[in-house]
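One structure, as structure tokens, below. Some questions next.
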């Protein structure tokens, strides 16, 4: 890829040319999501990965699946709560069957089922369920037999298959969380994987055994170092790592880089990249909490912003149109920024957004414990209207299609991100600025001025769709001649194409 001359300087506040498209003028209620074209346009792509949607649970699976498959979203993972083993319990086959068949019919065929080990107890939380391995050897054998029966039901071999199955489900994740408390006693987990692998192979020789997620938060390997050491000696009994990407793009990048070196050469999938890393866990809508109820802030967010963040989440929970528009815009930006990280690191399977809003998290009693999850869906629940994240995904997919070379350009500031893309469709650039402070509802987006030396007489610049009700971004054409491109970057990613 050709070299680039790069310069960055802080723009004057008066020079701010781009502002947050946050529906600040809406007085009483949020704007409706934008209607989708009918039928949804299929985006043909040679991009070397399969994008997906987290835990697609909408009751209107057929139209939702059709809309998502129409833009190349071909991955879906089922919730772990759907297949939790307990002695003597019978799985809810009807719910899982309906999910698999509906998504297959819609064209989403890369499906993953999660096999877990017990139902939630009173001591558990929705965010941190425990998976206790049975101590009794007979129960462990029964657990492995149960897991094999799940594989048999979805292997599409004509024996004991789910009604309406149209192709096999090959991917099975074993457990819900790899961190402390997620699977106990963890010393016995590698032995469980051996049991599962043996049982799976008897049912089907095409099964992919996937580990539960590592949470990409802080610097790797962090608190899971001992668990990763134990798994490093058992890489022959699983096929793929999983990283949960609910943190920042920078944290995700660091974990992907570390695991690529220390993961025994196994592929990595990414899940849970569904919400901008403003704050999560604990009670983000409160700034006075202590101990475990104290929300985790994103790594780039200073502690001094905690109460401003709490005010934003409190406004969200009260249904403020301005706050909801801010959350929708944040979700759209998150799709693009994390998507560029994944593409650069060669991730081949990822869920990058929720199909629909996780609306239960909008209950004020949860204090926004799942961050922006209640406002980060791609589609309305009927599958006929798209939120900004849906149209941002389309922009990202088109930028990455047939551009296999992806490089993050070196800049003076680590807070400025510029990715250069190259391939059969020519060159393109995507850039944004991560400010060192919280930018909340109604706040102007802080800019930096960046110089790009690119070999083009003129370029087309479009910005990520962030406004509810808008389906595309109006592009501006810049005449360059022999001059470099000076572009203001804000937290809203900008796409630059030679014109």
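Bear in mind that the values in this text are calculations on the coordinates, not laboratory data. Predicted model only: the values in this text are computed from it and were never measured. Positions of Cβ are generated from backbone atoms using ideal geometry, with glycine treated the same way; all protein chains shown enter the neighbour counts.
Given the peptides 234-242, 396-404, arrange them by the average over their residues of other C-beta atoms within 10 Å, most packed first.
Per-residue Cβ counts within 10 Å, averaged per peptide and sorted highest first, yield 396-404, 234-242.
For the chain, calculate the relative contact order in percent as a whole number, restricting contacts to Cα pairs under 8 Å that are 6 or more residues apart.
Contact order relative to length: 20 percent.
If you split all Cα-Cα distances of region 379-499 into 5 Å bins from zero, what percentages do you get per bin, shortest first?
2, 10, 18, 22, 21, 14, 8, 3, 1, 0
Still on this structure, please answer the following. Over the alpha-carbon set of region 286-354, divide Rg by the Kirkwood Rh and report the Rg/Rh ratio to two decimals.
1.06
Here is a follow-up. For region 227-283, what is the Kirkwood hydrodynamic radius in Å, using each pair of distinct C-alpha atoms?
Values: mean 1/r = 0.0796 Å⁻¹.
Taking every pair of different Cα atoms in region 227-283, averaging 1/r and inverting gives 12.6 Å.
Between residue 188 and residue 365, how high is the FRET efficiency from 1/(1 + (r/R0)^6) when r is the Cβ-Cβ distance and R₀ = 51 Å? Nearest 0.05. Could the numbers behind the result be given before it?
Working: r = 36 Å, r/R0 = 0.71.
My answer for the efficiency is 0.90.
Work out the P(r) tail for region 252-395: percent of alpha carbon pairs separated by more than 17 Å, whole number.
Summing the P(r) of region 252-395 above 17 Å gives 62 percent of all pairs.
On to the next question. What order, most packed first, do the peptides 330-337, 486-493, 195-202 have when packing is the mean number of other Cβ atoms within 10 Å of each residue? Write out the running numbers ahead of the final one.
Values: 330-337: 27.1, 486-493: 22.0, 195-202: 17.6.
The densest-packed peptide leads the list: 330-337, 486-493, 195-202.
If only Cα atoms are counted, what is the Rg of region 160-264, and what is its Dmax, in Å?
15.2, 46
I'm a student and want to see the number: the projected area of the Cα convex hull of region 330-409, averaged over all directions, in nm².
Convex hull of Cα atoms, orientation-averaged projection: 6.3 nm².
Taking only C-alpha pairs under 8 Å that are 6+ residues apart, what is the relative contact order of region 221-350 in percent?
In percent, rounded to a whole number, it is 26.
Compute log10 of I(q)/I(0) for region 210-259 with the Debye formula, placing one identical point scatterer on every Cα and leaving out solvent, at q = 0.17 Å⁻¹, to two decimals.
-0.49
Okay, moving on. Pull out the extension gain between residue 205 and residue 471, defined as 0.36 nm times the separation in residues minus the alpha carbon to alpha carbon distance; nm, one decimal.
91.4 nm
May I have the extent of the alpha carbons of the chain along their three principal axes, as whole Å values ordered from largest to smallest?
The Cα atoms of the chain stretch 73, 52, 45 Å along their principal axes.
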